[in-house]
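Working notes, structure below.
Throughout, read-outs are computed from the coordinates displayed, never taken from laboratory work. Since the structure is predicted, the reported quantities are computational estimates derived from the model, not experimental observations. With ideal geometry, Cβ positions are generated from the backbone for all residues, glycine too; neighbour counts draw on all protein chains shown.
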Amino acid sequence: MNRISRRQFLYCSAAFLSTTVSGQSFFPFSGTPCEAALSEDIRGKVFKGDAPKTLWKWSHEGFLYKKLEKNKVVCGICPNRCVLAPGDRSVCRSKVNFDGTLYSLTYGNPCSVNTDPIEKKPLFHFMPRTKAFSLATTGCNFRCLNCQNYEISQAKPHDVWNYELFPPDVVKEAQRADADSIAYTYSEPITFFEYMIDTCRLAREKNIRNVIVSNAYINRKPLLELCKVLDGASLNLKSMSDDIYRQLNGGRLQPVLQTFKTLHEQGIHFEMINLVVPGYTDDDQMVKQMCAWILENLGPNYPLHFLRFFPRYKLDRLPPTPVSTLTRFRKLAMQEGIHYVYVGNVPNHEGTHTYCHNCNKLLIERMGYFIPQYNLNGNKCKYCDTIIPGVWNKA
Ligand SMILES: [Zn+2]
């Protein structure tokens, strides 16, 4: 019997009643209306025999894998640890076993390329008012029911239109765009690790910083390698429940927590992103638990963002998060002791601005991605001289 929380039940019941009135089907699933909420473990599976018959110019040998008996390989990048027989494709759809060698199929082959304000990642304590040259390939090691970018995250490289942009080209384009950083973002950069780390290394040589926007689902060994060339990270902490990670995201909690500890230990700046999904993660107790874990393991200084959920993908019939919930969570997290707590996806909310944790004065005012007021001197509050955690100066 699948488990369902009381709150998920209430949301499903409400949605089912409204369905009866409108006469439309609820979730785009067959079966019972609450199949999504009732779903057990939605972690992805290896695609047996799904690899292309031949390699292409965007094939690059995997960074970290082991050869097993019978020409099988096991990928070492993420906790999925896909075991692939020849001809199989990984959970993230980006890697294949070709004749006993693991290949990434997305190297130099992004499907999405843009120049964004760094604030969009979101990174609020990292070189404000600068541009991030941003790119993604297809692929994700998760299966989030609410994915914002499922058209590329849940696609295979050849399913979508791609650019050809090898690491030196990316760095050149970033320079041409006058970007101070390169952001590996939109889908899941851990799935294009080989492409990302080679680009990071070249970017560093040109004084361009590297940031990732990620689900933090990566093994320690590749993460430590990445830390050598990583400057900042916007990382999802989707919940504090392993059940929710399995049912909503198709992952596990512990490896994510381990990633935060490793980045902390390595001195990499990161910001934590919690999307508040009604019925799944809008739980005061969980926020308290999250804050307690953060304070114990990471301290009070890493920014925490609560983002408003909007209906999307397989959760397209859930209501958006009430703004009052986000406001309450922000207050709660600050009461618990986190210094910098933000509310995202709500224009003009007071939680979009930065206030000094010592004197409470307004340090950074944000209107969308525009910054009308900026009251830091270097890395210090200009009113009380307190050091504000973050990366404030350009490389
Ligand atoms: Zn101050």
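Structure above, values below:
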quantity: Taking N as its residue count, the alpha carbon Rg of the chain over 2.2 N^0.38 Å; calculated: 0.99
quantity: Environment charge of C359, counting only residues whose C-beta is closer than 14 Å and scoring Lys/Arg +1, Asp/Glu -1; calculated: +2
quantity: Sequence-separation-based contact order of segment 146-299, relative, with Cα cut under 8 Å and 6+ spacing, percent; calculated: 18
quantity: Spacing of the two label points (7 Å from each Cα toward its C-beta) at R201 and V160, in nm; calculated: 2.7
quantity: For S134, distant residues with modelled amide H under 5 Å away; calculated: N114, T115, D116, A183
quantity: Over the chain: helical MRE at 222 nm, DSSP H runs n ≥ 4 each giving -39500 (n - 2.57), nearest 500; calculated: -7500 deg cm²/dmol
quantity: Global form of segment 110-182, assessed from the alpha-carbon gyration tensor, a/c cut-off 1.5; calculated: oblate
quantity: Nearest-0.05 FRET efficiency for E296 and Q175, computed from C-beta distance (R0 51 Å); calculated: 0.75
quantity: Fraction of antiparallel bridges per DSSP, segment 114-381 only, in percent to nearest 5; calculated: 30
quantity: Prolate/oblate/rounded call for segment 338-380, Cα gyration tensor, a/c under 1.5 rounded; calculated: oblate
quantity: Inter-part distance where segment 349-395 and segment 147-188 are each reduced to a Cα centre, Å; calculated: 30
quantity: Efficiency of FRET from Cβ geometry, K53 and C227, R₀ 35 Å, rounded to 0.05; calculated: 0.40
quantity: Gain on full stretching of the segment that runs from V113 to Q335 - 0.36 nm per residue minus C-alpha separation; calculated: 76.0 nm
quantity: Under 18 Å from the Cα of K331 - lysines, other chains or at least 8 residues apart; calculated: K288, K361
quantity: Shape category assigned to segment 88-146 from the gyration tensor of Cα positions, a/c cut at 1.5; calculated: prolate
quantity: Most mobile of N80, N360, N97 in a GNM of the chain (Cα contacts under 10 Å); calculated: N360
quantity: Relative contact order [Cα under 8 Å, 6+ residues apart], the chain, whole percent; calculated: 13
